[in-house]
Amino acid sequence: MSNVSVEQLAEVLGVGIDKLIAQLNDAGIEAASGEDAVSNDDKKKLLAHLRASHGKLENDATAPKKVTLKRKTVSELRVPGTGPRARATARTVNVEVRKRRTYVKREVVQEQIGVEYSDREEARKILEESRAERAEQEQKLQDAADKARLQREEEVRKTQEELARKEAEEKVRLESEELARQEEAQRREEDKERQREEERTRKLADEQRRREKEKGKAPTRYGRKELHVAAGTVARRRKPGLRVKPSGSGRPSEHGFSRPTEPVIREIAIPEAITVADLAKLMAVKAGELIKTLMQMGMMVTINQPLDRDTATLVVEELGHSAVSSDAKDVEQELIAEEDEAISGEEVTRPPVVTVMGHVDHGKTSLLDYIREARIAEGEAGGITQHIGAYHVETPRGIVTFLDTPGHAAFTAMRSRGAQATDIVILVVAADDGVMPQTREAIQHARAAGVPIIVAVNKIDKEDADLDRVKTELSKEEVIAEDWGGRDIFVYVSAKTGEGIDSLLDAILLQAEVLELKAVVDARARGTVIESSLDKGRGPVATLLVQQGTLNRGDMILAGQEFGRVRAMFDETGEAIESAGPSMPVVVLGLSGVPQAGDEVLAVTNERKAREAASQRQDRQRESRLARQQAANLQNLFDNMGKDEQINVNLLIRADVQGSVEALRESLTKLSNDDVQVNVVASGVGAITESDAALAQASGAIIIGFNVRADASGRKFIQENELDLHYYSVIYDAIDEVTKAINGLLGTEVKEQIVGLAEVKEVFRSSRLGAIAGCLVVEGIVKRKNPIRVLRDNVVIFEGELESLRRFKDEASEVQSGTECGIGVKQYNDVKPGDQIECFERIEVARTL
């Protein structure tokens, strides 16, 4: 052991430094301060001095031979709790560990084992026994501590399990009570509903009996009638308790229901879309019976399939009930009623709304360019109009609002909307081209909308202009000029030179005065969506035509399935405006989405009702779409039974405006036939996004961008997955290229082409060669390797191939027209004079639409 200081030794012995210094000095050890060093020999000398001072000498027999030290340590054990109250149930357990160590004097050990070298083994054995005894005692103490700890942990665990069990039992008890309360409430409600139904049934039965007294009731086509319980007899329910047999003296026991006597006719209120299960519930019939009836009517349906109103009406009447349309007053109708009440005030004269219609390239937009002194036609792709343009023009003779519609065949829906939103239709007909298909279609749209027509005969400056021809062709369409005794105004104009433009404006304003166009200005606005698109920077953009009232910036509007507050308004030149009156076209921002072209626009005061009305319209459209899709799918299933599998061409269309989307979708869908089915999996306005590309990849669709491009993420996705993407700016190109792609998918088909015809003049019989027909080739060429048919009285009696073809005695590969030859038909010997042998070949040709 190394030397220690007086201060350290005093701390170990537990005595004061001064006292220890005094004792050291008494023992003859020099020590003056606590920093002086004390060696092992000094310690032994001090110990001998202290024993001598206490009367115990080194050789004293009474001195202890060994010293036992006992040490006790106490520690804390943290036992966590369990369950929802884990923190509160955590406990602290005190663990006490006791240790005892015995030290024996070296002299004693030496006395016991001796000092000789031969006795070392005995000394080692005694030392090991001492160590084993000490280890056994320590192990006993540790086992006792572990046992105590385990017992305490087991007690804690049992306590926690008991608490958890009690909590679970309490939870189950509360849930059972709640379930019982719900069942009791449901039972009471069912009892009330059953009582109300019985009351309605009794009333209907009484009413039916009254009606049947007045006139008879004819059965349905299939003779189905629904029967009910006779009036005055109700089902008896067994009351709880003991059953008591009626005595023989009482009235005889009676069945709970009497024999059905008469049908029940229910009045079924049918909404726009209803599922099969709900319709069966309204008619009080089983869903299986309703599905069976629909199958007999040629419709395959499921219990959860929605039916449209027309289908539901047919099946209700088929089952003998009467169907009425469900016109429940909803939020949308409340808004419309409120707006109708709010439109009150003085009506003032409004500008006319004029739609310019006609065939493509007849000069509609050029005519408007001259009036507006603009150059719109040059800005359109391909020189044709592909959007509805709305223009507000101030002329010296008054204000006129013009709507310019496309003339291409694909834009039928746009022309129809333009005719419905207008007051006057200007029918532009080129003097050098006359009446064309879209001209006739424009006349039909104008007639259907009930608006007057002003015929503008354009391009009169051309040399080949023929005005009488135009009048004659229009008269065949019942559009007759005034100078020919009709009522339609004809104006001869030239969009290039401006000739006749003033006369055309005079005719428009004169017609407007005759129509007495008026509208209320001081009211909330109502109008129509002319066109809509999705702008990357501004969001949904809609071009509106205000028809009633005044639209102000900040108004809440409802446009079809979309709603929103008008954040900004612009006129056709892009200038910001604060309000727009009747007959004014305006571009608005702030809608929740892109509305459909042709949707009605309504300015409202309650934003909550506008949101609910938009949601109702979306739900109704979704239900109607699902019903149509399900019906179409089932119809396609029946149509395709027994046919070869069709080729499906999936398209995903993105365009700049909603009208172009409609035109593309309708034009491309019309390309479908028995061999190819063109499906538009998705369509919309705006840029092609990554989600669009992912949908195209999942459905294997071709992506078509019409005046739009893919964004950065969309382009990356398309390039990584090598998707088929095509950009177009002219609708002709889109339709033509899709048609070519479909033709390529059709592949080829085998067609038969007749190459020669030979007439049998005589038949020669040979035992070696069989029947040989002596023939004269009357048409084309008869070839040895081509298949043939044998015709008798122009009816095919055999089809096969030639076994031999000879010219005199020599084999020939072909025989020309006007030449005699000998023909042997393989495996056929019933050839007779007068028969015809037709030689043909099979060729593969490309299939087209």
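For the pair ARG98 and ASP36, a Förster radius of 45 Å applied to the C-beta separation gives a FRET efficiency near 0.75, rounded to the nearest 0.05.
Simple spin-label estimate for GLU7 and ILE577 gives 10.0 nm between the two label positions (7 Å along the Cα-to-Cβ direction from each Cα). From most to least packed by mean Cβ count within 10 Å, the peptides 183-193, 394-404 give 394-404, 183-193. Our note on the geometry: Cα centres of segment 166-186 and segment 808-846, 95 Å apart. For the pair LYS66 and ARG157, a Förster radius of 35 Å applied to the C-beta separation gives a FRET efficiency near 0.20, rounded to the nearest 0.05. Under the definition of Cα pairs under 8 Å and six or more residues apart, what whole-number percent is the relative contact order of segment 267-318? Relative contact order for segment 267-318 comes out at 48 percent.
The modelled label-to-label distance between SER75 and ARG106, using points 7 Å beyond Cα along the C-beta direction, is 3.5 nm.
Take the residue pairs LYS19/LYS44; LYS70/LYS140; LYS192/LYS292; LYS364/LYS459 and return only those whose Cα atoms are more than 22 Å apart. Where the Cα-Cα span goes over 22 Å, the pairs concerned are LYS192/LYS292.
Sorting 434-442, 717-725, 819-827 by their mean Cβ neighbour count within 10 Å, with the most densely packed peptide first, gives 434-442, 819-827, 717-725. Taking each residue as 0.36 nm, the span from ASP468 to THR819 lengthens on full extension beyond its C-alpha to C-alpha distance by 120.3 nm. Positive contributions from Lys and Arg (+1) and negative ones from Asp and Glu (-1), summed over other residues with Cβ under 15 Å from the Cβ of ASP724, come out at -1.
Check segment 734-825 and count each lysine pair with an alpha-carbon distance under 24 angstrom, considering only pairs eight or more places apart or from different chains. Number of lysine pairs found: 8. In segment 434-585, the portion of solvent-accessible area held by carbon and sulfur atoms comes to 46 percent [1.4 Å probe, whole percent, DNA, RNA and ligands not counted]. Quick one: work out Rg over Rh on the C-alpha atoms of segment 685-756, Rh as Kirkwood radius. Rg divided by Rh gives 1.20. Computed over protein heavy atoms with a 1.4 angstrom probe, the accessible surface ordering of SER532, SER813, largest first, is SER813, SER532.
Within the shell defined by Cβ-Cβ distances under 13 Å, the residues around ALA576 carry a net charge of -1, with Lys and Arg each +1 and Asp and Glu each -1. Annotation note: trypsin sites (Lys or Arg not before Pro) in segment 738-817 located in DSSP loop regions with a Cβ neighbour count of at most 16 within 10 Å are ARG768, LYS785, LYS809. If the segment from LYS832 to ASN552 were pulled out straight at 0.36 nm per residue, it would be longer than the present Cα-Cα gap by 91.4 nm. Based on the Stokes-Einstein relation at 25 °C and a viscosity of 0.890 mPa s, and on the Kirkwood radius from alpha carbon pairs, segment 448-593 is assigned a translational diffusion coefficient of 134 µm²/s.
The values are calculated or read from the model by the stated rules, or taken from the named source; none is laboratory data. Being a predicted model, the structure only gives us computed values, none of them experimental. Reconstructed Cβ throughout: ideal geometry from the backbone, glycine too, with neighbour counts over all protein chains shown. SASA here: full protein model, heavy atoms, side chains in, ligands and nucleic acids out. Shrake-Rupley method; radii C 1.70, N 1.55, O 1.52, S 1.80 Å.
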